[in-house]
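Read the structure below first, then the notes.
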Amino acid sequence: MTSRPNILWYCTDQQRFDTIGALGNPYVQTPTIDKLVRTGVSFTRTYCQSPICTPSRSSFMTGLYPSRLHNTRNGNESFPGFPPVISKLISESGYDCGMIGKFHLQSSGYRTEPRLDDGFSYWRFSHAPRDDWKEGHHYAEWVRSLGEDLNQLRERPERVPPEYHQTTWASECALEFLKRHRDEATPWFLNISIYDPHPPFIPPKEYADRFDPNVMPGPHFQESDLEQQKRLSSLDFQDDIRTPEEHDARRKQADYYAMIAQIDDQFARILEYLDDTGQRENTVVIFTSDHGESLGDHGLMYKGCRFNEGLVRVPLIFDWAGHFQQNLQSDALVELLDLTATLLELAGLDQPEYMQGQSLIPILTGESDPNHHRDFVRSEYFDALDPHFTGGSGTFGTMYRTDRYKLSVYHDKDLGELYDLTVDPWEFNDLWNSKEHEPIKNQLIYESFNAHVTLTTDMGSKRIAPM
């Protein structure tokens, strides 16, 4: 890269890949994101490195797989001392860095998440849109400053109105950051990390009223899913196995889409300000999420130790007019680790040797084949959720996905899944016990094991001599 652009990184929480109108969903309302799709590059097969918040965020904030980083759990006491988070590296290179919303590299339970040496000169924290923290929760303090009580608003039938919503607060903070006085030669890096469309699915009523549950398509579900999930029922998960009707899945889907509609409106406010102030032409805009949501697929709601497409596949869109390709939809296999590597290259930094991502700049600029980036992607779940949420005792699972097949192995349960995604994209026909597919299963287990050993083993301190 020849210049150092501003970087706007908008990250939602628990948003599936298939929730954008311009990428094939006619039920959502995402005009702002749709425009970004048309003017930028969308990576339609992007996978998070864990289907759970902290390990996923820890991974893309450091460029390491969660197990290589030694940070695989939600509710963790502390964060590793090495490596530094990428915002620290970007700040040290001369960027003015801001963070708004959820960070979640450490536990925010019973405390406000402790600050790291993170490089952010602007920090506005809100782990979740509840008034659970006595101090340091900037969003709840903002609501109180407007004369309202956040928890009381949440409990009303109308829920929190848009003008007091965390997604709105995040946009207000973003505008505050963008209006700060700084030298014109100083580029900025802004990470906005909102809580929606994370459960509970409680959008403002005026957004919920836009989406009729009766016309929603409902989850990807077949009756055979009930037997399949019964086979996997010893694995950690946040909710019980139920039919779409028992889950009231169409209502939840409507509310989920309503939350995304509000996100789209608030995202638009930030982009409009960049347009109005002439900053957009030198700003890279990135839209993504930390992981997905089951939303009733296969009889499951919320998240846990599974690697279905709705849980591990996320949106990833880049836009930089005049520099990146336009209206390009790449179906290359991509990991969120590759976003990490791309952010560093955009900031003019060399990627440290320990990082594990592969920059997407060659695809973004049209220098390489947009249909291939990686031969495989992987995701991990290592005792990631507390039994408080799952009722379980901790599960250990890995996913290894090639262009055609997806293998999931649950290492402590003697269980696994295998899908041929070319003919079964929504994972209804499990081939794990198929005699015909035993050779490919064994080959993929071998490849997945090799990938795990070589990519996640920490060899300790650097070698300084031959003996």
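So the values come out like this:
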quantity	calculated
Whole-Hz ³J(HN,Hα) from phi, Karplus 6.51 cos²θ - 1.76 cosθ + 1.60, for the stretch 355-364, glycine and proline x	6, 10, x, 10, 4, 8, 3, x, 6, 4
Over the chain: helical MRE at 222 nm, DSSP H runs n ≥ 4 each giving -39500 (n - 2.57), nearest 500	-8500 deg cm²/dmol
Debye intensity ratio I(q)/I(0), log10, the stretch 268-413, q values 0.09, 0.13 Å⁻¹ (C-alpha model)	-0.38, -0.74
Within-15-Å neighbourhood charge of residue 348 [Cβ basis; K, R +1; D, E -1]	-3
Top positive-direction residue, dipole computed over the chain with Cβ charges, set 125, 22, 425	125
Antiparallel content of DSSP bridges confined to the chain, in %, to 5	50
Distant-in-sequence amide H partners of residue 237 (H built 1.01 Å from N, under 5 Å)	305, 392
For the stretch 418-426, Karplus couplings with θ = phi - 60° (6.51, -1.76, 1.60), whole Hz, Gly/Pro x	9, 10, 9, 6, 6, 10, 9, x, 9
Pairs beyond 30 Å (Cα-Cα), from 303/441; 134/205; 205/303; 230/435; 205/230; 102/252	205/230
Per residue, in Å², the accessible surface of the stretch 187-328 once ligands and nucleic acids are set aside, probe 1.4 Å	33
Amide proton proximity set for residue 382, modelled H, under 5 Å, gap of 5+	397
Largest-first principal axis extents, alpha carbons of the stretch 65-220, Å	50, 40, 35
Restricting the stretch 171-226 to trypsin sites (Lys or Arg not before Pro) in coil, as DSSP defines it, with at most 10 other Cβ within 10 Å	179
Loop GluC sites (Glu not before Pro), the stretch 301-372 (other Cβ atoms within 10 Å of the site Cβ: 13 or fewer; DSSP)	353, 367
Using distinct alpha-carbon pairs, which all enter the 1/r mean, Kirkwood radius of the stretch 1-89 in Å	15.5
Per residue value of the accessible surface for the stretch 364-417 (all protein chains in place, 1.4 Å probe), Å²	43
In order through the stretch 72-89: 3J(HN,Hα) via Karplus (6.51 cos²θ - 1.76 cosθ + 1.60), integer Hz, x for Gly, Pro	10, 10, 6, x, 5, 5, 8, 10, x, x, 9, x, x, 5, 5, 4, 5, 5
Solvent-accessible area, 1.4 Å probe, carbon plus sulfur percent, for the chain	47
Normalised contact order of the chain, rounded percent, pairs of Cα under 8 Å and 6 or more residues apart	25
Computed over the chain, the ratio Rg/Rh where both radii use C-alpha atoms and Rh is Kirkwood	0.94
Low-density loop cleavage sites - GluC sites (Glu not before Pro) in the stretch 203-306, where at most 15 other Cβ are within 10 Å (DSSP)	223
Candidate lysines - alpha carbon under 28 Å from residue 462, same-chain residues fewer than 8 apart omitted	88
Dipole of the chain, positive direction: furthest Cα of 244, 285, 268, with charges on the beta-carbon	285
Built amide H within the under 5 Å cut-off of residue 123, gap 5+	99
Probe 1.4 Å, protein heavy atoms only - accessible area per residue of the stretch 47-107 in square angstrom	24
Cut-off 9 Å between beta-carbons: net charge of the residues surrounding residue 406, Lys and Arg +1, Asp and Glu -1	-2
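The values are calculated or read from the model by the stated rules, or taken from the named source; none is laboratory data. Values in this document were obtained by computation on a predicted structure and should not be read as measured data. Every residue, glycine among them, receives a Cβ derived from its backbone with ideal geometry; neighbour counts consider all protein chains shown. Note: areas computed on protein heavy atoms with side chains; ligands, DNA, RNA excluded. Shrake-Rupley method; radii C 1.70, N 1.55, O 1.52, S 1.80 Å.
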